[in-house]
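Structure first, then comments.
The values are calculated or read from the model by the stated rules, or taken from the named source; none is laboratory data. Here the structure is a predicted model, which means the values were calculated and not measured. Positions of Cβ are generated from backbone atoms using ideal geometry, with glycine treated the same way; all protein chains shown enter the neighbour counts.
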Amino acid sequence: MSRPRSDDNSVLLVHAYLDGELDPANALSVAQQMSQEPALAAEAERVKELQKLIHDRLPREAAPPGLRARIESSVGGTRRERAKPSWLALAASIVLAAMVAGTSTWLVVDSRQQPMQVAELLVSDHIRSLMAPEPVDVVSSDRHTVKPWFNGRISNSPRVVDLARNDFPLIGGRVDVLGRTPVSTLVYRRAKHLISLTAVPADGAPALNGGPRSINGYNIVRWSENGVNYWAISDVEPKELELFAQLFRSSQNEL
Amino acid sequence: MSITPLRPRTGPNSPDGPPVRLVTPGAQESIGMLDDNALFRTVVMPYIDEAYRLARWLTGNGTDAEDVVQDASVRAFRAIRSYAGGNPRAWLLSIVRNTAYSWLRKNRPATIVSVDDLEAVELEHGRLDERHDETPESSLIAKVDAEQLRAAIAKLPAAFRETLVLRDIEGLDYREIAEATEVPIGTVMSRLARARRRLLETLRQDD
């Protein structure tokens, strides 16, 4: 089997596919090409192995302690400024923090937000995603692609599990905004229906109780796990959505 | 090189909008309201870990990386007004990268590969590419430990290394990598494919 050159367009597209960079139409055509050309399928396998190896062997280390303090003192003035806050600047920095939240900052979800409000917001996000040109921002059935995609967009990368064997294939993920907090939403498919699964960090707030089981015909299943509130929203039958939730919760195959 | 269009960015990093619009009207103006220190704390300080890791991959050790990040932070602070409300992580990483390269030119001139050299490397690698190869990867690289992997990545030419690190370790998307490394997305794609193949090649030879 001869290996296509690395500057071959189809090879670049296989890499882009695995990196979740293709639009749905191109992702589909690359997936088809891979199923027909063993050389491309082999390329994809190698890249996935390599990515897994890097992920497993090279944890991302933090900057050494003290570096931040040295930086603050070398640019100067930051401490003085902190001691005497300008309220205008402070207010503006909150606006700016909200602005850059998409790339790193995790704003605390208002813990006073009631389950009903959260459910309303998430059902709206689900409906909006169905009306958008595509329901996800990263298209991939590979959880090793979807999970890292959230890195840098939100600070808590969600738990992503593969439920394709149970006929709930992963479609991809997107960032929804709850109030002013970006949250991760995974999208799974059941027959012709989509399921939005949103992970909302509880931030120490007590587990939510109650909340609606359906809004506008969309069924809602909610549970809490490891300090995260999960919301599954879909127009599949309630039983199916319960099954999805059970499968997701009992799935151990995160890595 | 013809590249099939990548999906349009609609995420929060997109300058062009929906579905997630985090840049509220007035956010641009609010940058103007912030003093330099507040802006620096919001734009630069959250990304010191990323900055340190990139500097470490580029310089090859932690002590030099700390110097580079400190130097880059000062440059970022001086240039903070040029931050135009785009992606702060890519903005900072591009400064870290430039700082690291000028630091290397000054302190480790032997390690700098010029663009001409890089082209030669790419040509040579193009030939490598055509080798036939049927070895299943998993059996080989399952035995690779962290040190071997780190050494193999360190051996990559800098342009390949930074691209691979930003994608496969830091998880940046192609657009962010293009911004941080100041090359077109097509170049990001070809460097990434070559970096990954070259890395696999090295790991296989180590075995």
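General remarks:
- Considering residues of the stretch B:57-66 that are more than 8 Å from chain A (Cβ to nearest Cβ) and assigned to a helix (DSSP H, G or I) only, the residue surrounded by the fewest Cβ atoms within 10 Å (Cβ to Cβ): B:THR63
- So A:ALA199, is it within 25 Å of A:ARG60 (Cα to Cα) and either more than 12 Å from the chain's Cα centre (by Cα) or without any contact (Cβ under 8 Å) to a residue 60 or more places away in the chain (or both): yes
- Residue pairs whose Cβ atoms lie under 6 Å apart, sitting 6 or more positions apart in sequence or on different chains, and linking a residue in the stretch A:124-135 that is free of Cβ contacts under 8 Å to residues at least 24 places away in the same chain to a partner that is crowded, with 16+ Cβ neighbours inside 10 Å, are A:ALA132/B:PRO19.
- Test: A:GLN51 is in contact (Cβ under 8 Å) with a residue 12 or more places away in the chain, out of contact with any Cys (no Cβ under 6 Å at 6 or more places or on another chain) and surrounded by fewer than 21 Cβ atoms within 10 Å (Cβ to Cβ): yes
- Considering the conditions (1) modelled with pLDDT of 90 or more; (2) in a helix (DSSP H, G or I), A:SER74 is excluded by exactly one of them, (1).
- Residues being outside any loop (DSSP other than H, G, I, E, B) and surrounded by 21 or more Cβ atoms within 10 Å (Cβ to Cβ) - total across the stretch A:144-162: 7
- Scanning the stretch B:182-196 for residues that are surrounded by fewer than 24 Cβ atoms within 10 Å (Cβ to Cβ) and either at pLDDT 95 or above or at positive phi (or both) yields one hit, B:GLU182.
- Any hit, the stretch A:236-254, residues being of a type in the set (Asp, Glu), surrounded by 16 or more Cβ atoms within 10 Å (Cβ to Cβ) and modelled with pLDDT of 90 or more: yes
- For the stretch B:154-171, the set of residues classified as more than 8 Å from chain A (Cβ to nearest Cβ) and buried (at least 22 other Cβ atoms within 10 Å of the Cβ) consists of B:LEU156, B:PHE160, B:GLU162, B:THR163, B:LEU164, B:VAL165, B:LEU166, listed by residue number.
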